[in-house]
Amino acid sequence: MNLQIIKKNGLALLFLLPLILKTSAQNNLYDVNSIPESVKKNASVVVRNETIEFEVTDIDRAKLNVHRIVTVINESGEEALFFHQQTDKFVSLEDAEIKIYNNAGKIINKYKQKDLNTVSVGDELIDDAKSYYFHVPATIFPVTIEYSYTKRYKGILSYPRYEILVPDEGVESSSYTAKILSSLDVRFKEKNIHLPPFISEDGKYKIYAWSVKNLAPIKYEEGAVSYESRYPSIILAPNHFKLDDYEGDMTSWNSFGLWYASLKKGADMLPEERKKFYSELVRTAKNDREKVKIIYDYLQKNFRYVSIQLGIGGFRPFSAQFTDEKKYGDCKALSNYMQAVLASLGIESYQALINAEYNKEPVDPAFPCNLFNHVILCVPQKKDSIWLECTSRTNDFGELGSFTENRNALLIKENGGILVATPISKASDNIFNAFTTITLKEDGSGSSKTTLKGKGEYKQDLISLMDEKEDEQKNYIVSRWSFKDPDSIIFNKKEPAGEPELIITQELENIPEFKTSSKMFLPPHIYNIWSIKLPKSENRRQDFYFNCPFEKTDTTVFKIPDGYKLEALPEGRNSQYNSASYTSKYWYDEKSRSVYSTAKIILKKNKIPVQDYSAIKNFFDDVLKENADRIVIKKE
C-alpha cells in the first residue's frame, strides 16, 4: 500500500487542504486522466478529495461536516452513487447537497436536501427516526459526484469512525480531523493500518488529525470477516458521554455497563396478574432450566419482534408492562420482558449487549466502545449458562446461531458490565440430512422422493423457505440444491419441537446423465451434498469464514428396473483435513435390486486462517470431483 501521511507545515496544511485543492487543482478533480495510475488501477471508485471534520463542543453536543468528491469509474462502483444518512431524536441532518459533474468539470445536476427521499424507520413506533436517501442518476461512466452535508448531535454515544479505504476504491486525498474538548478527550484505535495522528491544541480543545494520500484499492475477498474489520480505518470512542439525559463513562466495560443498567431501571415491572399467570404456567416444571424453556417457548409463540434497532430512538427499552400489553418489542424490549418474567419467578438473568450478524469480529476487550447493535439474554446456571435469542420465533431453546455466537457480549449487572464470550457452535449443532429414493424405469425415466431435515442453521433455512411463495421455493431448490424442477413440495412441521421436514417429489423424463443402447450412467446423488466452488487461494490476504460448522449427510437409493444389472460402482472416498472430513460409500443390495450411495461431510470450524485456506480449498475441490463419478448399470 502506497501511504503518505501529510504533516508538512503541521496542522495548517490540513485545514487549508480543501482550499488548496479547490483553487490550484480544481480541474484535476474531475479529470479521470489526472488520477495516478497506482490509485486508478483495479478501482471502481476513486475518492478525489475527502475532508471530514468532527467537533465535540460538550459532553452531548457535536457536529460532523463531510465534504467528499468521488469519481465512479464504472458500473461496478454504483454503490458510490447512493447517498444515505439516518437521523433520530439525537441526530439531525443539515445542508445536504449533491452535485454531479461531467469530465470537463461542469456541473450537470445539483440536488438539495429537499430533493432527498425520506422514510420513517422503526415501524413508525419511534418519533423523528428517519432515513434520508438518494440514488444519483448516472448512465455514462466515469462520472464525478460531490457530496456535502452536516450532522448535528444532541446526545452522542458513538463517534464517527474514519473509514480510510473500502473495497475496490482508490483514494487520492482524504483527511479526518477530530476537535474535542480537552476535558473530554477521545480514545482511538487503528484497524489494519499504522497511521499516528498529528495532535495539537487550540485553547480548550485538543485536535487530532489523520490524513492519507494516493492509496491503491484493496481487492474484495469473498468470505472474509465482517466489512468494518477488513479494511484500514480509525475507530474513535468517547471517554464520557451523555444520551437522553443519561450521563455515562466509557473508559471501561464495567462503567459502560453501569450506564446501560441505569437506563432500564424501573422498566422491569409486571402486573400482579401476569406474575400469577407465569407462575401457574411453570407450576409443573421440575427445575429452573425447564421453567426458562417453558417461558421461552411461550414468548416465541405469543410475542413478535419489531425492527427498532439498538441506537435508534434511544437505548432505553420499552417497559415490561408496555411489551406485555402490545405483545411486541425490539431486541432490548423482548430481552427486558423475558428478564422481568424470569425475575418474577425468582430466576436470575442478565441482558447482554452484542454485535450481531454473520462473521462479525468480537469486540476488543482492551478498547471499550459502542460497537453493539443487538441485545440477547443470559441465564446463569451451575454448569453452563443458557443463552436466549428473544427476537426469534424459530431458534431452538438455548441456541444462538451464527448471528451472535463466538462474540464478546457485555453482561449488564447492577454493579456494571462484564465482557464474556458467547458459545462457539459445533458441527453437531448444524445438521442437514437428505434421503432420496429413485425408482428407475427401463427407458431411463422414473420418479424420486427426497426428504430433507435440518437442525440449527439449516432448520432456519428450511423455515425461511417454508414462508416463501411456491415459485420462489422451486427456484431455491433448483439453484441452491441442484434439483431438477420439482413436481410437488410438501412441508411438515412437527410440534412441539418445531423441526421442519421438506419432501420433494419429481417425475423425471431422463435420470441417467447419459445412456447407450445397453447401459445407463447414473449420477451418485440427485442432490449434491456440496456444490460450491470456493474462491481462488492465490494471493489471499484474509481469513476465510464459512457460515457455520456443520454436518451434512446424503443417502440415495436407486431401485434399478427389471432386466438390468449392476456393472460398476465408484470407489468411494475418505478425505481428511484437520478441521474437515468427507466420506462416501457405494454398495448394491441384490435382494432389493437397489444401489445405495451415501456421503457425509463434516466441517468442525467455520473460521479458516489465511495460511490454511489453500488446503481447505483443495479439500472442497476434491469433494466436488465426486459429482462427476457415475454408477453404471447394464442390460442383462
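Every number here is computed from the coordinates shown, using simple stated rules; none is lab data. Just so it is clear, the structure is predicted and the values come from calculations on it, not from any experiment. Don't worry about glycine lacking a Cβ; one is built from the backbone with ideal geometry, like all the others, and counts go over all protein chains shown.
I'd like the distance separating the alpha-carbon centroids of the stretch 217-265 and the stretch 395-436, in whole Å.
21
Between Ser255 and Asp384, what FRET efficiency follows from the Cβ-Cβ distance if R0 is 25 Å, with the result rounded to 0.05?
Calculated transfer efficiency: 0.30.
Would you mind pulling out the separation of the Cα centroids of the stretch 138-193 and the stretch 521-576, in Å?
46
Would you mind working out the magnitude of the charge dipole of the chain relative to its Cα centre, with +1 at each Lys and Arg C-beta and -1 at each Asp and Glu C-beta, to the nearest 20 Debye?
I would put it at about 800 debye.
At 0.36 nm per residue, and after removing the present C-alpha to C-alpha distance, how many nm does the segment from Lys106 to Arg480 gain when stretched out fully?
Difference between extended and current length: 129.9 nm.
If you fit an axis through the alpha-carbon atoms of helix 11-24 and take the longest principal axis of the Cα set of the chain, what angle between them do you get, 0 to 90°, nearest 10?
80
Taking amide H atoms as placed 1.01 Å from N in the peptide plane, list the residues 5 or more away in sequence, or in a different chain, whose amide H sits under 5 Å from that of Ile218.
Distant-sequence amide H within range of Ile218: Asp168, Glu169.
In degrees, nearest 10, range 0 to 90: what is the angle between the Cα axis of helix 470-481 and the longest Cα principal axis of the chain?
80
What distance in nm separates the simple spin-label points at Phe367 and Tyr220, each placed 7 Å from Cα in the Cβ direction?
2.4
Specify, per residue and in Å³, the volume enclosed by the convex hull of the alpha carbon atoms belonging to the chain.
Roughly 191 Å³ of hull volume per residue.
I'd like the FRET efficiency for Lys604 and Lys293, computed as 1/(1 + (r/R0)^6) with the beta carbon distance as r and R0 of 22 Å, rounded to 0.05.
E between Lys604 and Lys293, to the nearest 0.05, is 0.20.
Could you tell me how many degrees, from 0 to 90 and to the nearest 10, lie between the Cα long axis of helix 331-344 and the main elongation axis, the longest principal axis, of the Cα atoms of the chain?
80
How much of the DSSP bridge set in the chain is antiparallel, in percent, rounded to the nearest 5?
Here the antiparallel bridges make up roughly 85 percent for the chain.
Beta carbons within 10 angstrom, averaged per residue: use that to sort the peptides 571-583, 555-567, 151-163, highest first.
In decreasing order of mean packing, 571-583, 555-567, 151-163 become 151-163, 555-567, 571-583.
Taking the alpha-carbon set of the stretch 428-635, what are its Rg and Dmax in Å?
Gyration radius and largest Cα-Cα distance of the stretch 428-635: 18.2, 57 Å.
Measure off 7 Å from each Cα along the Cα-to-Cβ vector at Asn492 and Glu513, then give the distance between these two points in nanometres to one decimal.
3.2
Can you list the equivalent-ellipsoid semi-axes of the stretch 58-205, largest first and in whole Å, using the square root of 5 times each Cα gyration tensor eigenvalue?
29, 23, 14
Once every DSSP H run of n ≥ 4 in the chain is given -39500 (n - 2.57) and the sum is divided by its residues, what mean residue ellipticity at 222 nm do you get, rounded to the nearest 500 deg cm²/dmol?
-5500 deg cm²/dmol
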